[in-house]
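Just passing along the structure, written as structure tokens.
Every number in this text was worked out from the coordinates using simple rules, so none of it is lab data. From a predicted model like this one, the values you see are computed outputs, not experimental measurements. Because the Cβ atoms are built from the backbone with ideal geometry, glycine has one as well, and the counts that use them run over all protein chains shown.
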Amino acid sequence: MDIIFIKNYAKLGKENLKKILLFLLLLPSLYADAQIYIGAGAAAFSEDFNNGVEAKGSAKSAKFKIGYGDRAAYGVEFSLDYVQTESKIFSSSNAVSSDGNRYGINVELVKAFDFDIYVLPFFKAGFGTGFLDINRETQKSLRYGSYNLSFGTLLPINKNLDFELSYDYKYTSYEAIDTISEKIRYESNVNTAYFGFNIRY
Amino acid sequence: MTLLQTSLLSLSAALFLGCGGENTNSSIVADVTGISINERDISLYSTDLTKKLNATTHYENNTSADATEAVIWSSSNTDDLSISLSKVTAIANGGDSNVTISYLQFSDFQTVHIKELVSINYSELNVSDTSNSQTIYVSGNFENNESNVTMFTNITWTSDENITISESNSTQVTLTLTNRPAMLFGTLFSGTLNQVDFNKTW
């Protein structure tokens, strides 16, 4: 297969062939220690709104994630968030006691560092999207998008298991609230303390 | 497990358990309770220009806001009354139409009555002058004995061969009378199915 691959690209010239070979050689070495991992955990969620809006929300949340990468270097991670909302920020005054649940999906790049100190500090950056169930006459859910940043540390137990502690920040921008006469957009800062575990294969 | 790992786990557990904060318990945006058309007992003359209507959104905290541009406007009888956004225009000489506003599950309507033009008043014309142009002023007599109402639009003027019209609009006609008997034709909604003719003979 490699021969066919090289033959197909032979006409690109010697210089190009050298680059391709070099890349093919580097690729496996870059990800020599990469593993697929799945993880889960719980988090304490806190949300403050921007632009002088006096509203706060706090809740417990859960996260499930799947990723691929080297625990001590780079990785890419997909995660699903679930937040059981306790505040009532968008729903009608009399209809319900709180907004509904919040569901999100995120993709983040992970950079971890191995300082040989038994823990592996890391930071993540990415973005997410999701929706919050609400109860209003004009809307039953509110979509949102977010920019995500987090930092924390992995606590490796063995080659296949580690605990994860992190502080996650999300700059969240909500779909406009439809009041018929006006469409009002809200933005918030979401701070989350996360604790979970990862199993690597 | 190292001391560092144990310490971090303990610290995070303590922080995690200690988390919890304030929760807002009332909506930051008042919910909608309804929409309505502001105007009541709406009517317009068949010779009126467009009439602008307005709509309002009502909220659960007893506030309201203008919704004229946000809602969808429609007419139940588009042969009599046309509607463009919030502006209604008579296209027939008389009749009633329901104007409805709607937005999702909310709606409201009001009946718009078009007042029928019954006859036209003409100012004096010097019938002995058959060489100079003269201007006559016109106004409308509408249903329910409303007389001398200024007409703004929808009237066009034509004549027989004994009158030459040099200029005309809904309120005045400049003409030259050349012979008698002479006939002037005022046509409401000319060229439409709702056309109505008003004739004057001198």
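Explain nothing, just compute: Karplus ³J(HN,Hα) = 6.51 cos²θ - 1.76 cosθ + 1.60, θ = phi - 60°, for every residue of the range A:189-197 in order, whole Hz, x for Gly and Pro.
10, 10, 10, 9, 9, 10, 9, x, 9
Among A:53, A:36, A:188, whose Cα lies farthest out toward the positive end of the dipole of the range A:34-200, if unit charges sit on the beta carbon of Lys, Arg (+1) and Asp, Glu (-1)?
Result: A:36.
For chain B, with a Gaussian network of springs between Cα atoms less than 10 Å apart, report the residue from B:169, B:121, B:61 with the top mean-square fluctuation.
Comparing B:169, B:121, B:61 in the GNM, the peak value goes to B:61.
Summing -39500 (n - 2.57) over the DSSP H runs of n ≥ 4 in chain A and dividing by its residue number, what mean residue ellipticity at 222 nm do you reach, to the nearest 500 deg cm²/dmol? Kindly include the intermediate steps, with their values, before the conclusion.
Working: 2 runs with 26 residues, N = 201.
Calculated from helices alone, the mean residue ellipticity at 222 nm is -4000 deg cm²/dmol.
Ok, one more. Top mean-square fluctuation among A:66, A:36, A:20, Gaussian network model of chain A, C-alpha springs under 10 Å?
A:20
Through the Karplus equation 6.51 cos²θ - 1.76 cosθ + 1.60, θ set to phi - 60°, convert the phi angles of the range A:128-133 into ³J(HN,Hα) values in whole Hz; use x for Gly and Pro.
Per residue, the Karplus-derived 3J(HN,Hα) values read x, 8, x, 8, 10, 6 Hz.
On a 0 to 90 degree scale, rounded to 10, what angle separates helix B:3-18 from the longest Cα axis of chain B?
Taking Cα atoms only, the helix is inclined about 50 degrees.
Now, a different point. Using the Cα centre as the reference, give the magnitude of the dipole from point charges on the C-beta atoms of the protein assembly as shown (Lys, Arg: +1; Asp, Glu: -1; all else neutral), rounded to the nearest 20 debye. Walk me through the numbers on the way to the answer.
On the way: 29 positive and 44 negative charges, 453 e Å.
I would put it at about 2180 debye.
Now for a different question. Given only helices, namely DSSP H runs of n ≥ 4 each adding -39500 (n - 2.57), what is the per-residue ellipticity at 222 nm of chain B, to the nearest 500 deg cm²/dmol?
On the way: 1 runs with 16 residues, N = 202.
It lands at -2500 deg cm²/dmol.
Karplus couplings for the range A:171-181 from phi (6.51 cos²θ - 1.76 cosθ + 1.60, θ = phi - 60°), rounded to Hz, Gly and Pro as x?
Rounded to whole hertz, the list is 8, 10, 10, 8, 4, 5, 7, 8, 9, 6, 6.
Find the relative contact order for the range B:115-171 and round it to a whole percent, using C-alpha pairs within less than 8 Å whose residues are 6+ positions apart. Can you show the working numbers first?
Numbers: 73 pairs, mean separation 16.8, N = 57.
Dividing the mean separation by the residue count of the range B:115-171 yields 30 percent.
Mean separation of Cα pairs under 8 Å and 6+ residues apart, divided by the residue count of chain B: what relative contact order is that in percent?
15 percent
Where does chain A land on Rg(C-alpha)/(2.2 N^0.38 Å)?
1.33
Next question. With both partners inside the range A:91-201, how many of the DSSP beta bridges are antiparallel, as a percent to the nearest 5?
Numbers: 53 of 53 bridges.
About 100 percent, rounded to the nearest 5.
Quote the relative contact order of chain A in percent (integer), defining contacts as alpha-carbon pairs under 8 Å separated by 6+ residues. Write out the running numbers ahead of the final one.
Values: 496 pairs, mean separation 37.1, N = 201.
Relative contact order, chain A: 18 percent.
Over 29 Å between C-alpha atoms is what I'm after, so list which of A:19/A:111; A:65/A:140; A:88/A:170; A:183/B:115 land there. Write out the running numbers ahead of the final one.
Working: A:19/A:111 26 Å; A:65/A:140 27 Å; A:88/A:170 20 Å; A:183/B:115 39 Å.
Beyond 29 Å: A:183/B:115.
Among B:112, B:71, B:29, which one moves the most in a GNM of chain B with springs linking Cα atoms closer than 10 Å?
B:29
After finding the eigenvalues of the alpha carbon gyration tensor for the protein assembly as shown, what semi-axes result from the square roots of 5 times each, listed largest first in whole Å? Mind dumping the intermediate values first?
Details: eigenvalues 1220, 189, 38 Å².
Each semi-axis is the square root of five times an eigenvalue, giving 78, 31, 14 Å.
Work out which trypsin sites (Lys or Arg not before Pro) in chain A are exposed loop sites (DSSP not H, G, I, E or B, at most 16 other Cβ within 10 Å) and give the longest gap free of them.
It works out to A:12-139.
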